[in-house]
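I have placed the structure first, in the form of structure tokens, so that the comments after it can refer back to it.
What follows is calculated from the coordinates using simple rules that are stated; it is not laboratory data. What you are looking at is a predicted structure, and each value in this text was computed from that prediction instead of being measured. Cβ: placed from backbone, ideal geometry, glycine included. Neighbour counts: every protein chain shown.
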Amino acid sequence: MGFSSRLKELRTSKNLTQQQLGEKIHVSKVSISGYERGERSPDRETLTSLADFFEVSTDFLLGRENKKIRNSVEIAGSIPEEYTIPILGRIAASSPSGLVSDYEGEISIQPSTVRKYGHENIFALKVWGDSMNRIIPGGAIAIIHKTCDWEDGDICAVTINGDDATLKQVFHTEKGIRFTPLSYSKFHSPWEYVKDEDEVDVIIHGVFLYGIIPTDKM
């Protein structure tokens, strides 16, 4: 039995629709449908999330073994089904403005994310605006890995002068950093911060991992 058939079998055994399973592991119904039809394959993090949710090994999901056992490195009961982290504030995805440190509620993330990055190194921010809607729509929640290390092409959470913020794709330039919107709108354009010339303080706080659309927005 291959991955597509095994996934469908596990989903139906829990009486879940494709939509419901997608909401559990934070992917779209279209993705689940594609997996079950064999038209697409999950990335490593999604595969791990599916294995965590169904409490099986990734090898079992991929059809490489027939026993429903978890990976040997995992200890039954030692990993909670999910972690809940606070949404620390809002982040503008249009012009750089509006980081709000107010408590916005809480959101659940997958154990695989916590195991990979550590609970203290993850934070959530609410996105407003449409300048990143090719990646994450306004109103969604951005899950961010708190780190100072980033590479060209990463999408990062950035603060400007201490209290302004933006979510943008970033690139090194000869003189500084270029911030690039990823929008379906033509009204947004890249802009550049030039070190030692621009009288602003730019800090990159973390790298975007994935977005979660609240269920009341779906």
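Details
- Full-extension gain in nm, E174 to E192, via 0.36 nm per residue minus C-alpha separation: 5.4 nm
- Residue exposure sequence - S31, S5 - by fewest surrounding Cβ within 10 Å: S5, S31
- 15 Å beta-carbon shell around S4, net charge (K/R +1, D/E -1): +3
- Neighbour net charge for E174 - beta-carbon separation under 15 angstrom, K R +1, D E -1: -2
- Label zone at R37 (point 7 Å along Cα-to-Cβ), backbone N below 16 Å, segment 1-31: 4-5, 8, 18-19, 28-31
- Spin-label model distance (nm) - E151 vs H119, 7 Å beyond Cα toward Cβ: 3.0 nm
- For the listed residue pairs K116/K186; K29/K126; K14/K146; K146/K195; K8/K168, the alpha carbons are over 27 angstrom apart in K116/K186; K14/K146; K8/K168.
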